[in-house]
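J.: Sharing a structure here in structure tokens format.
The values are calculated or read from the model by the stated rules, or taken from the named source; none is laboratory data. Note that the structure is predicted; figures quoted are calculated from it, not measured. Note that each Cβ is placed from the backbone with ideal geometry, even for glycine, and that neighbours are counted across all protein chains shown. For accessibility, only protein heavy atoms count, side chains too; no ligands or nucleic acids. Shrake-Rupley method; radii C 1.70, N 1.55, O 1.52, S 1.80 Å.
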Amino acid sequence: MQSKPEKHLYEYAVVRYVPRVEREEFINVGLVMMCKRRRWIKVRVVTDLSRVKSFAPDTEDDILLHQLSSFTTVAAGKGDAIGSLEAHERFRWLTAVRSASIQTSRPHPGKCENLDDTFDRLYRELIEA
């Protein structure tokens, strides 16, 4: 008798660009996902800003790309003290509520057999669509 593949509990949040915080309008620009048990965290952010520019033409590309790169730096465990935290602690820091131009959705839970495949699917559905 074959055993069922292990299901991993994960959490994900959508990274959003909010060009004018007072208007509360945003465009999805990335995804952060974490599995505490596996000590796994992954982030992907857009590099092509054409959709962002159609949404917010005054966006300064270099500044936005630099801000988004901080998400990948923290997720990779690089940088200052935050980068040295455990994966689930870095995820909590990245998804903390803030009133800045880069925000995240509330974290959402899920279960899957393959974390990387699930991350890729969510990215396609929530960011690229």
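J.: Is it true that some residue in segment 2-13 is within 21 Å of Ala129 (Cα to Cα) and either open to solvent by 30 Å² or more (accessible area, probe 1.4 Å) or not small (Gly, Ala, Ser) (or both)?
T.: Yes, segment 2-13 contains a residue that is within 21 Å of Ala129 (Cα to Cα) and either open to solvent by 30 Å² or more (accessible area, probe 1.4 Å) or not small (Gly, Ala, Ser) (or both).
J.: Mind checking which residues of segment 82-129 are aliphatic (A, V, I, L, M) and surrounded by fewer than 13 Cβ atoms within 10 Å (Cβ to Cβ)?
T.: Scanning segment 82-129 gives Ala96, Val97, Ala100, Ala129.
J.: Something else about it: Quick one: what pairs do we get from segment 69-93, first residue on the phi < 0 side of the Ramachandran plot, second of a type in the set (D, E, K, R) and surrounded by 13 or more Cβ atoms within 10 Å (Cβ to Cβ), C-beta under 6 Å, 6+ apart or different chains?
T.: Here the result reads Val74/Arg90; His88/Lys36, each pair linking segment 69-93 to a residue that is of a type in the set (D, E, K, R) and surrounded by 13 or more Cβ atoms within 10 Å (Cβ to Cβ).
J.: Moving to a separate point now. Restricting to segment 49-64, name every residue that is within 30 Å of Glu86 (Cα to Cα) and open to solvent by 20 Å² or more (accessible area, probe 1.4 Å).
T.: Within segment 49-64, Asp62, Ile63 meet the criteria.
J.: Here is a follow-up. Taking Val18 as meeting all but one of (1) modelled with pLDDT under 95; (2) open to solvent by less than 50 Å² (accessible area, probe 1.4 Å), write down the number of the exception.
T.: Checking Val18 against (1) modelled with pLDDT under 95; (2) open to solvent by less than 50 Å² (accessible area, probe 1.4 Å), the one that fails is (1).
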